[in-house]
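Here the structure comes first, spelled out in structure tokens, and everything after it is commentary.
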Amino acid sequence: MELQTNLRRIILAELLVPLALFIFGAYHGVMQTMYMSGVIRANSVAGIDYYQGLTAHGVINAIVLTTFFAVALGYTVVSLELKSQVSIAGAAISLVLMLSGALMAAAMIFLGKASVLYTFYPPLMAHPLFYVGLALFIVGSWVPLWTWIPVYLRWRKENRGRKTPMGVVGILATFTVWQMATLPVAVEVLVQLLPWSLGWTHGINVMMSRTLFWFFGHPLVYFWLLPTYVMYYTMLPKLAGGKLFSDFAGRFTFMALILLSCPLGLHHQFADPGISTTSKGIQGVLTLLVAIPSLLTAFTLAASLEYAARQRGGKGLFGWWNKLPYFNPENWLFPYLFCGLVIFLFGGITGIVNASYSMNNVVHNTAWIPAHFHLTVAGPIFLGILGGSLLIVTGLLKKPVVSSWMAALVPYVWMMGTFVFSSGLFMGGLRGEPRRTNLGLTYMNPASPSYRSDWYVPAHMGMVGGCIMGLAVLLYFIVLIRSLAAAPVATASQAPFSLPTSEPYHDEDVPAVRNFTPWVVAAVLLCAAAYYVPIRDIAKNGITTAPGFRPDSPAAVNTTH
Ligand code: HAS
């Protein structure tokens, strides 16, 4: 089946516009490593200051690029796998809301009126239009799920007894998590931040705001992860030349992430006051539980890779690893998914360190944390986005992937960069190097009394890694732009675009993972149980509200903009 013409256009916009914005996001990532290592000893470069650049980096890369990709992949998978037409009006409304919201927020960042980082923590205050932009963006990202549900229900009615395609299960799980996660942040933005930045309220309850943010902020990371898991479960085994080892494992992982993604944001607030240690302890245990679906994914995908390698003639206990298609330009997508998995091994293990309440005290707010998340969101997720976007864009435009050897090289260069970068930040973090700090002005400046020579090597490793990551991005854009400029492939222009789809090796039929409803109900109840006490405590504690601040001044902001 061919995708609807207008849907193809919308998907292309959802992939290409954020990739264009990402050029700024990636540039500011490399600049961060320059500031942090002291190569740059200034507050700003080319009129953009440190916190402005850090905000652009986080908002564009972690919120705009990831959400657009999830929506674009969602439309592609739902439409192709269910062989159904989706609402073009819904897709267009979603695109317009998301684009206008993203551009409004980006404009405020680049005008220097929203240097509040991607967490937009108060008492840092942004211009009201930044919060309006965020609200539009979030509402726009809700629309696709609402329009997919009737399509899915119709498909189920017409295909009684058939299993829902795995990719569709994964996409519906992704957006169910997103819907649950974004409600509290919508409350934070509309009830707290926007009126406060408009000057309608004179102070903000920072603890309530942080708690609502992290109610959203942790499931946000699984919202990033789930589209990549869709690609891992549906595409990777096929690209490796084999089958998905267990169909049940994939479906269970998606359902378990619906259940467990939301009720554990307090692990980002282990150091915050005003929340009881019991509530933090409970959510700490839930955080360890949410690692289980990922551990299951690790074993299932390893078994799928082993099956594929043995089909290709692999032998022995470990000898089969040699038979995977690590570098085959015709199969350029495989390395994006495979390198992502290798990176995620280290991102996942360090997440378990963070989740351990006592060890978190050692690493919290240090460079260790960005090291962890560059091995997760900048590892499997980012590589999934790059690979998935190239696949869908060239597939929809019927263009060849030009220099496919370079396309296959990108993930290896990126992996090398992230490992060097993160190793530096892990080492620095364990020595107390802080995150979100312009170290070049002080700790990385030998002329400063605060100079820390023991952070020199880690911070410079971070910078070298960052430059290698920058090189990978450059190579990727060379491939993408050359592919976009190429003439369409004549033979392929006849064939409808399709996604690589793996068959199951074990095709278990377990009723418990066929239906979303019990998982969603259980997730809502678990969230209510996990958050009732901390929210009640924060509301009751009578915390003094705070005025707004900007990162460059200790004086409170005057809210007449
Ligand atoms: Fe995290 C902080 C705990 C996963 C992202 N995390 C962050 C932040 C971000 C982030 C962005 O408990 C910083 C937020 C901020 O700005 O302050 N995280 C965890 C845990 C997991 C975890 C327990 N995080 C993620 C994922 C992210 C992400 C996924 C992005 C998508 N994280 C924390 C905690 C903090 C935190 C604390 C707060 C710290 C603080 O103090 O501020 C788990 O879900 C991880 C489970 C994953 C695994 C790995 C499975 C491995 C697989 C690969 C298999 C490989 C194969 C190939 C088969 C158990 C699937 C084999 C190949 C060979 C060659 C061998």
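The values are calculated or read from the model by the stated rules, or taken from the named source; none is laboratory data. Being a predicted model, the structure only gives us computed values, none of them experimental. Using ideal geometry, Cβ is built from the backbone for each residue, glycine included, and neighbour counts are taken over all protein chains shown. What goes into the accessible areas is simple: the full protein's heavy atoms, side chains included, and nothing from ligands, DNA or RNA. Shrake-Rupley method; radii C 1.70, N 1.55, O 1.52, S 1.80 Å.
Legend: residue pairs Lys83/Lys315; Lys238/Lys280; Lys238/Lys398; Lys315/Lys399, Cα-Cα distance threshold 32 Å; pairs beyond threshold, Lys83/Lys315; Lys238/Lys280; Lys315/Lys399. Cα centroid separation, the range 89-142 to the range 510-561: 19 Å.
Each peptide in 60-73, 366-379, 279-292, 314-327 was scored by the mean count of other Cβ atoms within 10 Å over its residues; highest first, the order is 60-73, 366-379, 279-292, 314-327.
On a per residue basis, the range 32-88 carries 27 Å² of accessible surface, using protein heavy atoms and a 1.4 Å probe. By the Stokes-Einstein formula, at 0.692 mPa s and 37 °C, the chain with its Kirkwood radius over alpha-carbon pairs has D equal to 136 µm²/s. For the range 344-478, the relative contact order is 31 percent, taking Cα pairs closer than 8 Å that sit 6 or more residues apart in sequence and dividing their mean separation by the residue count. Charges were assigned to the Cβ only: +1 to each Lys and Arg, -1 to each Asp and Glu. The resulting dipole of the chain about its Cα centre is roughly 560 debye. Computed over the Cα atoms of the range 280-326, what is the convex hull's projected area averaged over all directions, in nm²? Mean projected area for the range 280-326: 4.1 nm², to one decimal.
For the chain, the carbon plus sulfur part of the accessible surface works out to 68%, probe radius 1.4 Å. Counting only Cα atoms, the size of the range 398-499 along its three principal axes is 68, 22, 20 Å, in decreasing order.
Each Cα pair under 8 Å and six or more residues apart adds its sequence gap; the mean of these over the residue count of the range 99-253 is a relative contact order of 25 percent.
So if I take the centroid of the Cα atoms in the range 336-400 and the same for the range 288-319, what is the distance between those two points in Å? About 19 Å separates the Cα centre of the range 336-400 from the one of the range 288-319. The C-alpha atoms of the chain define a longest principal axis, and helix 404-430 lies at about 30 degrees to it. The angle separating the long axis of helix 206-234 from the principal Cα axis of greatest extent in the chain is about 20 degrees. Of the peptides 526-533, 25-32, 142-149, the ranking by mean beta-carbon count within 10 Å, highest at the top, reads 25-32, 142-149, 526-533. This model, with +1 at the C-beta of Lys and Arg and -1 at the C-beta of Asp and Glu, gives the range 1-156 a dipole about its Cα centre of some 180 debye. Restricting the calculation to alpha carbons of the range 284-386 gives Rg and Dmax of 16.2, 48 angstrom.
Packing-based ranking of 249-260, 40-51 yields 249-260, 40-51, ordered from highest to lowest mean Cβ neighbour count within 10 Å.
About its Cα centre, the dipole of the range 295-442 is roughly 200 debye, where the only charges are +1 on Lys and Arg Cβ and -1 on Asp and Glu Cβ. Just flag the chymotrypsin sites (Phe, Trp or Tyr not before Pro) in the range 192-247 sitting in loop per DSSP whose Cβ has no more than 12 other Cβ atoms within 10 Å. Sites meeting the loop and neighbour criteria: Trp200. In the chain, a dipole from Cβ-located charges (positive for Lys and Arg, negative for Asp and Glu) runs towards its positive end, and of Val30, Val139, Gly428 it is Val139 whose Cα lies farthest in that direction. Sites counted here are GluC sites (Glu not before Pro) in a DSSP loop (not H, G, I, E or B) having no more than 16 other Cβ atoms within 10 Å; the longest part of the chain that contains none of them is 3-507. Dividing the mean sequence gap of close Cα pairs (under 8 Å, 6+ apart) by how many residues the chain holds gives a relative contact order of 20 percent. Near Glu433, once Lys and Arg are set to +1 and Asp and Glu to -1 for all other residues with Cβ below 14 Å from its Cβ, the sum equals +3.
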